[in-house]
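See structure below.
The values are calculated or read from the model by the stated rules, or taken from the named source; none is laboratory data. The shown structure was predicted, so the numbers you read here are calculated from the model rather than taken from an experiment. Quick reminder, even Gly has a Cβ in these numbers, built from the backbone with ideal geometry, and neighbours come from all protein chains shown. Ligands, DNA and RNA are excluded from the accessible area calculation, which covers all protein heavy atoms including side chains. Shrake-Rupley method; radii C 1.70, N 1.55, O 1.52, S 1.80 Å.
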2 protein chains.
Amino acid sequence: MSDEFYLSLAIDKAWDYQLLTYPNPAVGAVILDENGKILSICAHQKAGEAHAELNATKEALESKDSSLKSIFAAAKNPNELYNLIIQNHRNLLKNSTYYVTLEPCAHQGKTPPCASLILAMGARRVVIGSKDLGEHAKGGAKFLSDNGVEVDIGVCAKECDELLEPFLRWQSGNFIFFKIALTQNGVATGGVISNLTSRAHTHQIRSLVDLMVVGGNTVGIDRPILDARLANDRAPNILIYSSKFEFDSQIPLFKVPNREVTISNSLKLAFEKRFVMIEGGENFLKNLDSRVEWILIYRSNEFKMAENIKLNLKLNILHRTRLDDGELLWCKRVNSEQK
Amino acid sequence: MSDEFYLSLAIDKAWDYQLLTYPNPAVGAVILDENGKILSICAHQKAGEAHAELNATKEALESKDSSLKSIFAAAKNPNELYNLIIQNHRNLLKNSTYYVTLEPCAHQGKTPPCASLILAMGARRVVIGSKDLGEHAKGGAKFLSDNGVEVDIGVCAKECDELLEPFLRWQSGNFIFFKIALTQNGVATGGVISNLTSRAHTHQIRSLVDLMVVGGNTVGIDRPILDARLANDRAPNILIYSSKFEFDSQIPLFKVPNREVTISNSLKLAFEKRFVMIEGGENFLKNLDSRVEWILIYRSNEFKMAENIKLNLKLNILHRTRLDDGELLWCKRVNSEQK
């Protein structure tokens, strides 16, 4: 099988955790043993937790020797896991091949550099999607290459760059996306469209964003709470985007402790934050600020006897994630001729 | 990686040719070498062409020794390919593992049995999704097992059985499905929704079906030709399902040579044929005969400023196939409460 095949497995896995790794990039890694057998397909899942390469190395070693599981289970954090791997790997990954969607980091962060880990494992070859352009982390490919590891960069570069885009936008100051739930026939209104899996996913993202934007109409009509209870996590700060400034203070979203709520007829605040989610309906989507390129569609598995949302809009669908009872579509606008 | 992982690769590949293999089943096969490296992921593509196991064996051997490509290229049909493989394999697949979505056939058809091929390759293990219940082809698993090959049946059985369902319905006399093209916001009307890739796919299916059903309204309004020009193949016979019996004989579909056209206010004819496609719009879908369970949705990548189709309908989405500029959704109705 081709390098593209293995890297696409890493890309798919990474998308499962897209946005959930904030402020880190979504990264996936696949390891093949010296004979070309797949040992692991892993992703970075959450900031503060293990990098994709560390997760994949752990799983690969455990697949070679299951007795390592109890040893690695003792690790209380990624740093301890890293050290346990260095102490116990017994060259089981000698001459392995690593596929990583992003150049392995070369810097000491919460864990030692992934590039050093890969070298310590005795990898023969590392295949990389996107080059790391960050000041701190870059240089992993050169380090590996200088130390005799065969390195190929730029395989599936377009797909890996797309995967990386939210991170690059966080780095440059602002990533903002619009989220909407739709039925199979384009209905966005009239009760809960999305299923429990998709709502849990939304709540996970809500717990991470620096700001959540919602339209004044939605607040008035739905009287939402907009918290992250399904993720058991903190509720996001809210910007109510509205030309009206009078809201019933009994609406649940105002009652959430330790939350900032701002009402404004401008989206300026949203473009000043690093990570922003807009939850809205038809009007919001129709009049979407041209700077908002990313759209996340939760698609349910049913048709509903109701009106669709109506607008002209072309999408580039970057990735599809299957949910238990529906689908997540990661989209970018190609252009919009909204009337 | 698990058996489920490798079999899912075979399942995905097989869906790429779902329905296109008529009257044969859609089947996928994956081969791992003696060390667990993936050598090939292949499918049966078309009746009269090579079975999935034969395609996968050819590719696997070629990946072990590329000089075999020119030898195998001389085969003028699957039977010759089979013989060239038997003569030239040099035990390159000794101790390999085969993953197949359907039990390998044990009968002499247009090619010798796939079970014999797998045995001749020296496979160590065969992992099978669905059991073959057909009178002619069954017995492959037992043959392999009796000859010392390790055989596991029933991995991903649900997914493999779903993949097989059109074939089982062909076998029992009738497989009928409804096809519709929808935008992201559920619009089915107003010009071509689907893109060229999806229309070419439709034309491929049209060239295979025993009957194509279309509503009288569509015929009157769209004045279609309903041929298979994008597949360069024969146009299907047509049943116009209509309570009206007067049509302008200048409508292009009536002008296609060697085509049977029937007008009826009953779908009876459709349930007497083995393989039937219904192409219709909102009304057809709303009043869909309860015996029509399968729905094929071509989803474009755009929103359109127009009305959606309106009905209540729950779907079980069996598979998604990505197209160049859209998506194919293979669905079954869970239930429908149409009002």
Rounded Å value of the spacing that divides the Cα centres of segment B:149-206 and segment A:1-28: 28 Å
Selected from B:Pro257, B:Pro236, B:Pro112 as most flexible by GNM, with chain B as the system and alpha-carbon contacts under 10 Å: B:Pro257
Contour excess over end-to-end distance, with Cα ends at A:Ser290 and A:Lys142 and 0.36 nm allotted per residue: 49.4 nm
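Hey, which of these cross-link pairs are over 21 Å Cα-Cα: B:Lys58/B:Lys94; A:Lys69/A:Lys94; A:Lys286/A:Lys314; B:Lys244/B:Lys310?
Violating the 21 Å Cα-Cα cut-off are B:Lys244/B:Lys310.
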Helix-derived mean residue ellipticity, 222 nm - over chain B, DSSP H n ≥ 4, -39500 (n - 2.57), to 500: -8000 deg cm²/dmol
Of A:Lys76, A:Lys179, A:Lys286, the one that fluctuates the most in a GNM where chain A has Cα springs shorter than 10 Å: A:Lys76
Between segment A:274-320 and segment B:111-132, the alpha-carbon center distance in angstrom: 48 Å
Surface share of carbon and sulfur [accessible, 1.4 angstrom probe, percent] for chain B: 46 percent
Choice from B:Ala74, B:Ala14, B:Ala60 showing the highest fluctuation, given a GNM over chain B with Cα pairs closer than 10 Å: B:Ala74
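What's the average, rounded to a whole number, of partner chain beta-carbon atoms within 10 Å of each residue's beta-carbon in B:312-318?
Per-residue shielding by partner chains comes out at 5.
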Under 20 Å from the Cα of B:Lys131 - lysines, other chains or at least 8 residues apart: B:Lys13, B:Lys142, B:Lys158
Unit charges at the beta carbon, dipole of the protein assembly as shown: most positive-side option, A:Phe245, B:Phe175, A:Tyr6: A:Phe245
Mean-position separation - Cα centroids, segment B:209-252 and segment A:234-254, in angstrom: 55 Å
Difference of contour (0.36 nm per residue) and Cα-Cα distance, B:Ala75 to B:Lys255: 60.8 nm
Magnitude of the charge dipole, segment B:206-260, Cβ model with Lys/Arg +1 and Asp/Glu -1, debye to 20: 100 debye
Using a 7 Å Cα-to-Cβ projection, A:Arg125 label spacings across copies, nm, ascending: 2.5
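What is the dipole size for chain A, taken about its Cα centre, with +1 at each Lys and Arg Cβ and -1 at each Asp and Glu Cβ, in debye to the nearest 20?
Roughly 460 debye for chain A.
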Neighbouring partner chain Cβ atoms per residue of A:178-186, average, 10 Å criterion: 5
Within the protein assembly as shown, percent of DSSP bridges classed antiparallel, to nearest 5: 45 percent
Relative counts (whole %) of C-alpha pair distances in segment A:192-243, using bins that are 10 Å wide: 26, 50, 23, 1
Relative contact order of segment A:216-292, pairs being alpha-carbon contacts under 8 Å that are 6 or more residues apart, as %: 30 percent
Acute angle (nearest 10 degrees) that the helix B:196-206 long axis makes with the longest principal axis of chain B, alpha-carbon atoms: 80 degrees
Interface size B-A, as summed buried accessible area [1.4 Å probe, Å², nearest 100]: 3700 Å²
Peptide A:206-214 - average C-beta neighbours from other chains (10 Å radius): 0
Ranked packing of B:310-320, B:201-211, most packed first, by mean Cβ within 10 Å: B:201-211, B:310-320
Binned Cα-Cα distances of chain A, short to long, each 10 Å bin given as a whole percent: 5, 24, 29, 21, 14, 6, 1
Dmax and Rg, reported as Rg then Dmax, of segment B:188-277 (C-alpha, Å): 12.8, 34
Heavy-atom accessible area per residue - segment A:1-103, 1.4 Å, Å²: 37 Å²
Rounded FRET efficiency, nearest 0.05, which uses the C-beta distance separating B:Ser66 from A:Asn88 and R0 of 30 Å: 0.15
Stretchable slack from A:Leu168 to A:Asp3, in nm (0.36 nm times residue separation minus alpha-carbon distance): 56.9 nm
